[in-house]
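Notes for the one structure printed next.
Taken together, the values in this text are just the output of simple stated rules run on the coordinates, not laboratory data. Given the structure is predicted, the values throughout are model-derived calculations rather than measurements. In this analysis, Cβ positions are derived from the backbone assuming ideal geometry, glycine residues included, and neighbour counts consider all displayed protein chains.
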Amino acid sequence: MDVMSQFRQTGVVIQNISKTFGRGSVALKQADFSVTPGEMVALIGASGSGKSTLLRHISGFVEADVGSGAIQVGPHVVQRNGQIDRNIRQMRSDIGFIFQQFNLVGRMNVLTNVMTGMLPRVPWWRSLLGLFTQAEKNEAYAALRTIGIEHLAYQRASTLSGGQQQRVAIARCLVQKAKIILADEPIASLDPESARTVMDILAKINQDHGITVLVSLHQVQFARRYCPRTVALRLGEVVYDGPSDALTPQHLRSLYGASVEELLDGTETLEFVSG
């Protein structure tokens, strides 16, 4: 049985994916690893390491180089040999994507933003007119209750704090019924308390619902605290894949050299070393 066929039901497989931009700028270099169903895995690396690019390849937003291998999410091959599958829109119904900058519609209220996660299974004409059934509204409200902000359901998204907006984005993934959540530095722009809240929610979703989570992080101490396994990228190449608690400051310095300070910064460094 080859590695691709082991994940026919759920999971993620990245096989030898490379991506070059512009005049030979290498973003990914033969990235190769698997995420098994129900795992919560951290993707770390300094700026420019390829974390965001890789997540966008997994979701089918970006094509890999011609000649690259394949990416499979659950039973679906998202792309192979630099070509995205023509049924990618249907495949994305299983993939929840959480953006660093939330990707909400600021003028709409929180409940409506959450219900946009239902668009893959709601008739296009109803979604265009914003016509959602009472059962669909109840489902969205229940998702907000799960993450503790149901009291904000009818507030405009633009009036929420960054941490609250990110929680709305998570609720949107819940009503989408995503089997896999890709989170692209979801706590990078948040204060420490909001960052911990968002990571607590992602961990709870992973544990309670068995949803696979692949989260890119700039802060190593969060990877150690929330993710049993970490995949580390450097200049687009996987340089570590293993237990998060093995990523000591010394090990990270051997991987990243001087750029490790970007991952171990200020008070967070002290917390990481002491924790």
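Pairs of C-alpha atoms in the range 157-275 farther apart than 22 Å represent 37 percent of all such pairs. The phi-based Karplus calculation (6.51 cos²θ - 1.76 cosθ + 1.60; θ = phi - 60°) puts the 3J(HN,Hα) values of the range 31-40 at 4, 8, 6, 10, 10, 7, x, x, 6, 10 Hz, whole numbers, x for Gly and Pro. Amide H to amide H distances under 5 Å link VAL78 with ILE71, GLN72, VAL73, where only residues 5 or more positions off or on other chains count and H is placed in the peptide plane.
Distant-in-sequence amide contacts of ARG234, defined by a placed amide H-H separation under 5 Å and a gap of 5 or more residues or a different chain, comprise VAL239. Taking the alpha-carbon centroid of each part, what is the distance from the range 161-233 to the range 13-44 in angstrom? What the calculation gives is 19 Å, centre to centre. Computed from backbone phi, the HN-Hα couplings of the range 212-228 come to 5, 10, 10, 10, 7, 9, 9, 10, 5, 5, 6, 4, 5, 6, 10, 10, x Hz, rounded to whole numbers (Karplus: 6.51 cos²θ - 1.76 cosθ + 1.60, θ = phi - 60°; Gly and Pro given as x). Put simply, the amide H of ALA27, placed in the peptide plane, has neighbours under 5 Å in LYS19, THR20, PHE21, leaving out anything fewer than 5 places away on its chain.
Remark: spin-label model distance PHE21-TYR154 equals 4.4 nm, labels positioned 7 Å along the Cα→Cβ axis.
By how many nm would the segment from GLU261 to PHE33 lengthen if fully extended, with 0.36 nm per residue of separation less the alpha-carbon distance? Once the chain is fully extended between GLU261 and PHE33, it gains 79.5 nm.
A straight chain from ASN109 to ARG86 at 0.36 nm per residue would run longer than the Cα-Cα distance by 5.0 nm. Ranked for footprinting exposure by Cβ neighbours inside 10 Å, fewest first, MET91, MET115 give MET91, MET115. Each Cα pair of the range 11-121 feeds into the Kirkwood radius, which the Stokes-Einstein equation turns, at 4 °C and 1.567 mPa s, into a diffusion coefficient of 85 µm²/s. Based on the Cβ-Cβ distance of LYS177 and THR248, what FRET efficiency does E = 1/(1 + (r/R0)^6) give at R0 = 41 Å, to the nearest 0.05? About 0.60, to the nearest 0.05. For the set LYS29/LYS204; LYS137/LYS204; LYS29/LYS177; LYS137/LYS177; LYS29/LYS179; LYS51/LYS179, the pairs lying more than 25 angstrom apart at their alpha carbons are LYS29/LYS204; LYS29/LYS177; LYS29/LYS179. Dipole orientation for the range 17-124: of the candidates VAL77, GLY106, VAL35, GLY106 has the Cα lying most toward the positive pole (charges on Cβ; Lys, Arg +1; Asp, Glu -1).
By other beta-carbon atoms within 10 Å, ranking HIS76, HIS218 with the fewest at the front produces HIS76, HIS218. Estimated purely from DSSP H runs of n ≥ 4, each contributing -39500 (n - 2.57), the mean residue ellipticity at 222 nm for the chain is -10000 deg cm²/dmol once divided by its residues.
Measuring nothing but how far apart in sequence close Cα pairs (under 8 Å, 6+ apart) lie, relative to its length, the chain scores a relative contact order of 25 percent. When Cα extents along the principal axes in Å is computed from the coordinates, the matching label among [x] 60, 42, 37; [y] 62, 49, 32; [z] 55, 44, 37 is [z].
Rank these for me by crowding, VAL175, VAL198, VAL260, VAL105, going from fewest to most other beta carbons within 10 Å.
Lowest count first: VAL105, VAL260, VAL175, VAL198.
The fraction of Cα-Cα pairs per 10 angstrom bin, counted from 0 for the range 64-186, comes to 13, 40, 30, 14, 3, 0 percent, rounded to whole percents.
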